[in-house]
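The values are calculated or read from the model by the stated rules, or taken from the named source; none is laboratory data. Treat the numbers as computed from the prediction; the structure is a model and nothing was measured. FYI the Cβ positions are ideal-geometry reconstructions off the backbone, even for glycines, and counts take in every protein chain you see.
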Amino acid sequence: MATGAYRNGAQKGSTKSDRPVMRSSSSKFRVPPSPSQGSTVRRSSSASYGGARNDNGVPGRVRVAVRLRPRNSEEMVADADFADCVELQPELKRLKLRKNNWDLDTYEFDEVFTDFASQKRVYEVVAKPVVESVLDGYNGTVMAYGQTGTGKTFTLGRLGDEDTSDRGIMVRSMEDILADISPETDSISVSYLQLYMETLQDLLNPANDNIPIVEDPRTGDVSLHGATVVEVRDQQSFVELLRIGETHRIAANTKLNTESSRSHAILMVNVKRSVVGNEDTIPSENGDASLLDKPSKPLVRKSKLIVVDLAGSERIQKSGSEGHTLEEAKSINLSLSALGKCINALAENSPHIPIRDSKLTRLLRDSFGGTARTSLIVTIGPSPRHRGETSSTILFGQRAMKVENMLKIKEEFDYKSLSRKLEIQLDKLIAENERQQKAFEDDVERINLEAQNRVSEVERNFADALEKERLKCQMDYMESVKQLEQKLVLNQQRHEHSSFMDGKSSDVGPGTPVAIELSEVKKLLENETNVRKAVEKELEFLQSQLGQYTQAEAGGDTEVSKLYKILEDEALQKRKLEEEVVILRSQLLQLNFEADQMRRYLENGGSGNTFSALDSSTSQVRYSPLKDTGNSHKASVTSLFEEVGLHKILSLLESDDANVRIHAVKVVANLAAEETNQKRIVEAGGLSSLLMLLRRFEDETVRRVAAGAIANLAMNEANQELIMVQGGISLLSVTASDAEDPQTLRMVAGAIANLCGNDKLQMRLRSEGGIKALLGIVRCGHPDVLSQIARGIANFAKCESRASTQENRSGRSFLIEDGALQWIVQNANNEAAPIRRHIELALCHLAQHEVNAKDMISGGALWELVRISRDCSREDIRNLARRSLNSSPTFKAELRRLRIEY
Ligand SMILES: Nc1ncnc2c1ncn2[C@@H]1O[C@H](COP(=O)(O)OP(=O)(O)OP(=O)(O)O)[C@@H](O)[C@H]1O
């Protein structure tokens with residue numbers, strides 16, 4: 001065998017020079033960059049097709065291995081006298097295909113497996129690097145291609161029931177996936193399908209036999225709507241699924257294989273893994289108002305492993321196909337040749353890749369020339385009788401080796417997980433708040449008890465002291481009285497005795513014993529009086545002491561007052577904590593809403609507005625970020641309303657913290673979207689606070705949401721007057737003139753349009769510049785904004801028309817006076833139906849009053865009226881236009897003059 005140049009990996013047995021395809025080590029298999037922080041650190045499979053992980057390795061060529069099947073019993077006999085048609089040099093990764101006895105073609109592959117290569121080594125070299133990439137977040141494909149009976153199903157689909165070493169790539173891949181994921185945060189699901197005669201059938205639910213292939217035009221992702229998706233938690237259940245699928249797979253007995261698979265089997269393993277990103281990129285409006293740690297950025301990586309067991313690529317006449325089997329073979333060949341054409345086109349960098357030629361190529365669009373890491377194993381048999389098929393299989397593999405994919409990780413922001421984290425934090429905060437509240441109440445109780453005990457102890461001591469003093473005084477007094485009585489008795493006795501001895505009458509004059517006695521008694525009485533006075537003084541002193549004590553207590557000098565001070569501080573802390581809870585709840589609501597919006601945005605393939613739930617199909621403007629997000633959100637708003645209290649929420653509108661204000665105004669706008677809340681909000685002063693936000697804050701978001709909330713409140717007639725009374729129209733006019741954001745302008749126009757529909761407010765609305773403000777917004781040009789302006793004009797014209805009919809008003813329309821007619825005429829035939837309809841109505845209302853007719857004729861409105869009366873799609877508007885034309889002598893005269901029939 002002469003050494004020579006290589007073409008497409010084939011070494012020709014001649015000296016013909018051609019482009020060599022011997023690959024340097026740098027062009028060998030490269031593992032994609034490692035995932036960002038937070039995910040499991042993956043090891044690089046030592047048995048990969050060579051080469052180390054390349055951190056910049058975005059391009060990833062399709063890797064191709066060839067596997068030779070051992071001779072089967074039939075070949076042992078039939079080919080006994082012949083050598084194998086191939087010769088392998090696995091150490092050089094080369095295969096030589098015998099052309100005849102003296103000439104060979106040499107081909108080089110990424111790996112060459114001999115007929116005794118183990119299933120384990122085949123898995124580790126061919127599939128394991130792909131599985132590892134899938135676990136890192138890349139899509140991956142492992143595919144087997146080859147002639148019938150050469151071992152595709154053996155390589156991929158063997159379950160290893162009898163001998164575990166026989167386990168094929170499907171089983172081994174799932175073993176590695178399940179070993180690597182963490183069940184708490186990650187999930188695995190599988191679908192198993194077959195493509196049979198261009199029909200996609202669910203192998204897990206065969207009744208489902210016409211599954212459509214849906215391609216996302218934006219991302220190119222393919223999804224199979226309606227295919228059974230089973231979550232896999234353990235290996236056993238997965239093997240069971242494969243077994244179910246295997247029983248449903250269409251097989252037939254062909255000349256070349258008694259169990260020949262007649263369909264392409266496709267196993268799809270969806271891997272969803274959570275990873276944690278940097279917190280600074282959280283797409284949230286949260287500020288640092290929270291006392292809590294900011295949650296880290298949760299990301300979710302969705303990747304897909306596709307294992308494809310293709311049907312046999314034999315030639316029709318060789319497989320002995322006829323009748324239905326012939327049709328089958330044609331269909332198989334058709335899809336395989338479509339695959340071959342795509343691979344050829346990709347290999348040659350052709351500008352057109354015929355992906356749409358078959359369902360197989362549509363399904364595999366990400367695997368060849370897409371973002372997936374792809375490994376192909378081509379299986380061949382040794383028999384020289386099938387040299388032609390073997391040669392075409394080898395050439396297929398060679399071409400596939402030239403296909404370059406661009407590997408990409410698909411990461412999404414995991415709103416659900418962030419919302420879950422916030423909920424957990426909120427629950428922790430609520431529990432902490434409850435704990436602190438309980439501790440606070442216990443402290444209050446303890447301090448009260450202590451204070452009561454002290455007061456009663458002081459009272460007791462005071463009462464005891466008083467009682468003692470009283471007793472002492474009483475005793476002293478009794479003692480004195482007793483002494484006096486004794487002395488009196490003694491003196492009487494003495495006096496009687498001396499009278500008896502002297503026989504004289506008693507003498508009571510001065511100096512007599514009696515007089516002496518009396519003066520002594522007097523002295524004693526004086527003493528007693530003094531004692532009593534002293535006791536009274538003592539009593540006074542004690543009372544003043546008690547008074548001082550009570551005063552000192554009131555002055556806050558005592559320990560009790562210190563304790564009260566601590567209590568006050570704690571109450572302040574509690575209030576702050578409660579405010580935190582309110583803010584966090586509103587943030588959570590907002591996040592839930594944004595998550596839903598983002599989900600819907602993704603589901604809708606990225607079309608539409610991602611933030612605002614403004615429904616441009618309805619003419620009434622209603623700002624309600626939570627409006628369409630389901631009952632659970634409404635319930636959250638209601639519960640927020642009840643738990644937190646409206647006054648509390650409204651007070652946050654005046655917070656110094658801009659983030660708090662933004663969240664608070666969003667919550668109020670959501671509440672105002674519900675009719676039942678509107679009255680309560682206005683009664684609680686919400687309208688004034690919202691107007692204050694329009695007046696004070698420059699921030700566009702605050703103004704937009706506040707204007708939206710006011711527009712909601714302006715739907716209610718009672719509120720419309722209040723808005724006017726509180727200067728709402730001039731604030732809306734200022735916002736109308738300086739805002740640029742179409743959403744803000746739409747809210748403002750919607751609010752003014754609502755006010756235009758109130759008969760009582762006509763004059764005031766116009767005199768305060770409402771009409772001019774509405775017309776000023778025309779500069780925006782956004783159809784949703786124009787629709788609101790048109791609605792306002794129609795409302796106003798209708799009210800004017802009513803007022804004129806009731807003779808409450810005469811003279812030209814204010815709309816004409818304020819210069820609206822030109823815009824009305826210009827937009828009477830606007831292509832946006834809502835704008836056109838409102839303008840048509842406005843024209844009909846204006847035309848009902850003769851006083852407007854001349855202006856309308858000179859402004860070109862007559863033509864529009866005639867057009868409306870003929871062509872308007874709505875019969876009621878057509879009739880209204882006709883009536884208006886008929887009832888106006890000026891219009892009739894002009895039409896006659898112009899000879900126009902209508
Ligand atoms: N490497 C191998 N070692 C031992 N036996 C093998 C090997 N490859 C294939 N076989 C045997 O060859 C037979 C045919 O294999 P298999 O059914 O996997 O072929 P296939 O390419 O999937 O055929 P088809 O395209 O018709 O479905 C089976 O009996 C299988 O056990």
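Out of the stretch 741-788, which residues are farther than 22 Å from ASN716 by Cβ and of a type in the set (Lys, Arg)?
If the condition is that a residue be farther than 22 Å from ASN716 by Cβ and of a type in the set (Lys, Arg), then LYS772, ARG779 are the ones that fit.
Does the stretch 98-133 hold any residues that are modelled with pLDDT of 95 or more and among the aliphatic types (A, V, I, L, M), and which are they?
VAL112, ALA117, VAL122, VAL125, VAL126, ALA127, VAL130, VAL131, listed by residue number.
If you go through the stretch 766-784 one residue at a time, do you hit one that is under 29 Å from the mean Cα position of the chain (by Cα) and part of a helix (DSSP H, G or I)?
yes
In the stretch 77-188, which strands (runs of 3 or more DSSP E) lie fully inside it and hold 2 or more residues that are within 16 Å of the ligand (Cβ to nearest atom) and within 30 Å of SER391 (Cβ to Cβ)?
86-89, 111-113, 140-146
At least 2 residues that are aliphatic (A, V, I, L, M) and touching a residue at least 24 places away in the same chain (Cβ under 8 Å) in each: list the helices (runs of 4 or more DSSP H) lying fully within the stretch 851-902 that qualify.
861-871, 875-887
For the stretch 701-711, indicate whether the set of residues that are in a helix (DSSP H, G or I), modelled with pLDDT of 90 or more and within 21 Å of LEU821 (Cα to Cα) is non-empty.
no
Looking for whichever is farther than 19 Å from ILE729 by Cβ and over 44 Å from the mean Cα position of the chain (by Cα) here; the options are GLU840, GLU807, GLU740. Which one fits?
Just one listed residue meets the conditions, GLU807.
Pull up the stretch 344-376, narrow it to residues that are without any contact (Cβ under 8 Å) to a residue 12 or more places away in the chain and part of a helix (DSSP H, G or I), then point me to the one that is surrounded by the fewest Cβ atoms within 10 Å (Cβ to Cβ).
Looking at the filtered set, the residue picked out is ARG356.
Being within 16 Å of the ligand (Cβ to nearest atom), among the hydrophobic types (A, V, I, L, M, F, W, C) and part of a strand (DSSP E or B) narrows it down to one of LEU242, LEU195, so name that one.
LEU195
Among the residues of the stretch 405-431, count how many are modelled with pLDDT of 85 or more, loosely packed, with under 14 Cβ neighbours inside 10 Å and either assigned to a helix (DSSP H, G or I) or more than 36 Å from the chain's Cα centre (by Cα) (or both).
Looking only at that region, the number is 3.
Restrict the check to the stretch 68-75 and report whether at least one residue is within 30 Å of LYS99 (Cα to Cα), in the same structural domain as SER383 (by TED's automatic domain parsing), modelled with pLDDT of 80 or more and touching a Leu at 6+ places or on another chain (Cβ under 7 Å).
Scanning the stretch 68-75 turns up at least one residue that is within 30 Å of LYS99 (Cα to Cα), in the same structural domain as SER383 (by TED's automatic domain parsing), modelled with pLDDT of 80 or more and touching a Leu at 6+ places or on another chain (Cβ under 7 Å).
Could you pull out the residue among THR247, THR228 that is surrounded by fewer than 22 Cβ atoms within 10 Å (Cβ to Cβ), away from the ligand (no atom under 14 Å from the Cβ) and either not assigned by TED's automatic domain parsing to the domain that holds GLU111 or not in a helix (DSSP H, G or I) (or both)?
The match here is THR228.
Kindly indicate whether SER46 is among the small types (Gly, Ala, Ser), assigned by TED's automatic domain parsing to the domain that holds GLY388, exposed (fewer than 13 other Cβ atoms within 10 Å of the Cβ) and at pLDDT 85 or above.
Judged against the criteria, SER46 is not a match.
Just checking, how many residues over the stretch 665-688 are assigned to a helix (DSSP H, G or I) and either surrounded by fewer than 22 Cβ atoms within 10 Å (Cβ to Cβ) or aliphatic (A, V, I, L, M) (or both)?
Matching residues across the stretch 665-688 total 16.
How do the pairs read when you match residues in the stretch 148-164 that are in the same structural domain as PHE238 (by TED's automatic domain parsing) with residues anywhere that are within 6 Å of the ligand (Cβ to nearest atom) and part of a loop (DSSP other than H, G, I, E, B), using Cβ under 6 Å and keeping only pairs 6 or more apart or on different chains?
THR148/ASN257; THR148/GLY312; GLY149/ASN257; THR150/ARG69; GLY151/ARG69
All but one of (1) under 19 Å from LEU310 (Cα atoms); (2) more than 33 Å from the chain's Cα centre (by Cα) hold for ASP166; which doesn't?
Status for ASP166: all satisfied but (1).
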